[in-house]
Amino acid sequence: MKIEIVKKNFVRKGCLAVASILFLLFLYNINQIDKESFFDNEGRNFVKAKVVEIIEDNETESGIFVGNQTVMISILSGEFKGKLLDATSSSSYLYGTHCEVGKKVIAIVSESNGTFVASIYSVDRAAMIYLIIGVFVLTIILIGGKKGLASVISLGFTIICILFLFLPLIYSGVSPVFAAVIVTLITTCVTMYLIGGWSIKTLASSSGTVIGVLIAGVFAWLFSKMTQITGYNVSEIENLIYVGEKTSIQIGELMFSGILIAALGAVMDVAMSIASTILEINEKNQTLTRKELFQSGMNVGKDMMGTMSNTLILAFTGGSINTLVFIYAYNYQYNQIINLHSIAIEIIQGIASSMGVILTVPCVSLITCMLVKREK
């Protein structure tokens, strides 16, 4: 018996290793893309630098920054490392920074026939970003132990899929909705396997997650038809159309693919929680029927519906806070507000994702109950 278990584990791990290698090869292959150049960056380098001298300051007596600073910087990276260059720095909110001696910055350095032109792009905040990420990862591992480590690995895998699978696929002309479905399937299976192992819990929660995300996508499509909202009603559509003309990206589907990806996290959370609860209840009392287990799952799910729906609605609202401030400050009329494209899109995204979460509850409850009692 033990030999058979060892053989099964060996075969399973072998299959996972082969699948991982094939997936990495696939990722490498689809990322061999010749991207369209939208900006001419020839001779233009973004490098790390350190301010060593303030040549001309732009601070007035009242403490207001007017115009640009002129500073001397020491280049810390790139082919010009070690050079001292004069650079200008704007004190605007988006670009540049108010420089002080010793401050680390990112500089744009251009070189032509031995002549250098430099300007300050921003503060060098990479180290702080990495520190924040490190604190986050360490906290998860310390609190969650092995499960926390699995969560970190699954999160990293999800980010890899977004950056190196989803984006290259849509850039190559694949439907963004189809690409989002593929990413959803892969990340769900991997995440659930890392957290729950090879088990009924993994199968039930994975199935429920995929169903819930697809439900969210269907409702998003239905609501968009009802409100006559398309993927071309989003902000910055002019820039997106220009990108679509230069590439194979299907701009009109980006909004719907975003809804699928946005719904994934919340749906996954609900699916795993309900599957784990039903399995735990069944483990403690195996005399319960499918109907009783299903009712227990539904009771837990009802408590989660409100909080997860709030989470999604608040997340989308937070992303649109600037728009809400404009609406409030400029005192828009009701008919103007309710018919704004941006408001309609946020409502569609929030409600469609919430519908996916809500309907995941009975789906996962039913699937888990069927699998638990069938195995018995």
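Data overview
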{"item": "Criterion (more than 14 Å from MET72 (Cα to Cα) and touching a residue at least 40 places away in the same chain (Cβ under 8 Å)) met by exactly one of SER122, SER92, SER151", "result": "SER151"}
{"item": "Exclusive hit being at pLDDT 85 or above and over 19 Å from ILE162 (Cα atoms), set ILE274, ILE237, ILE241, ILE229", "result": "ILE274"}
{"item": "Those residues of the range 156-185 which are closer than 26 Å to PHE136 by Cβ, open to solvent by 10 Å² or more (accessible area, probe 1.4 Å) and in contact with a Ser or Thr (Cβ under 9 Å, 6 or more places away or on another chain), in sequence order", "result": "PHE157, THR158, ILE162, PHE166"}
{"item": "Residues of the range 34-60 satisfying the condition of being of a type in the set (Val, Ile, Thr), modelled with pLDDT of 80 or more and open to solvent by 50 Å² or more (accessible area, probe 1.4 Å)", "result": "VAL52, ILE54, ILE55"}
{"item": "Helices (runs of 4 or more DSSP H) wholly inside the range 285-360 that include at least 3 residues being closer than 20 Å to LEU222 by Cβ", "result": "290-319"}
{"item": "Candidate set from the range 281-304 (those that are among the β-branched types (Val, Ile, Thr) and over 32 Å from the mean Cα position of the chain (by Cα)); member that is farthest from SER354 (Cα to Cα)", "result": "THR287"}
{"item": "Selection within the range 258-280 - under 20 Å from the mean Cα position of the chain (by Cα) and free of Cβ contacts under 8 Å to residues at least 60 places away in the same chain", "result": "GLY265, ASP269"}
{"item": "Qualifying residue in the range 148-159 (condition: of a type outside the set (Gly, Ala, Ser) and farther than 30 Å from LEU27 by Cβ)", "result": "no"}
{"item": "Tabulated pairs, the range 215-227, first touching a residue at least 24 places away in the same chain (Cβ under 8 Å) and closer than 9 Å to GLY356 by Cα, second polar (S, T, N, Q) and surrounded by 20 or more Cβ atoms within 10 Å (Cβ to Cβ), C-beta under 6 angstrom, 6+ apart or interchain", "result": "ALA216/SER353"}
{"item": "Every residue from the range 226-239 that is open to solvent by less than 50 Å² (accessible area, probe 1.4 Å) and under 22 Å from the mean Cα position of the chain (by Cα)", "result": "GLY231, ASN233, VAL234, ILE237"}
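For every residue, the table says whether it meets (1) among the basic types (Lys, Arg); (2) surrounded by 20 or more Cβ atoms within 10 Å (Cβ to Cβ); (3) modelled with pLDDT of 85 or more.
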{"residue": "ILE259", "(1), (2), (3)": "no, yes, no"}
{"residue": "LYS284", "(1), (2), (3)": "yes, no, no"}
{"residue": "THR289", "(1), (2), (3)": "no, no, no"}
{"residue": "LEU293", "(1), (2), (3)": "no, yes, no"}
{"residue": "VAL300", "(1), (2), (3)": "no, no, no"}
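The values are calculated or read from the model by the stated rules, or taken from the named source; none is laboratory data. On a predicted model such as this, the values are computed, not experimentally measured, just so you know. Backbone-built Cβ (ideal geometry, glycine too); neighbour counts: all protein chains shown. The area values use the complete protein model at the heavy-atom level, side chains included, leaving out ligands, DNA and RNA. Shrake-Rupley method; radii C 1.70, N 1.55, O 1.52, S 1.80 Å.
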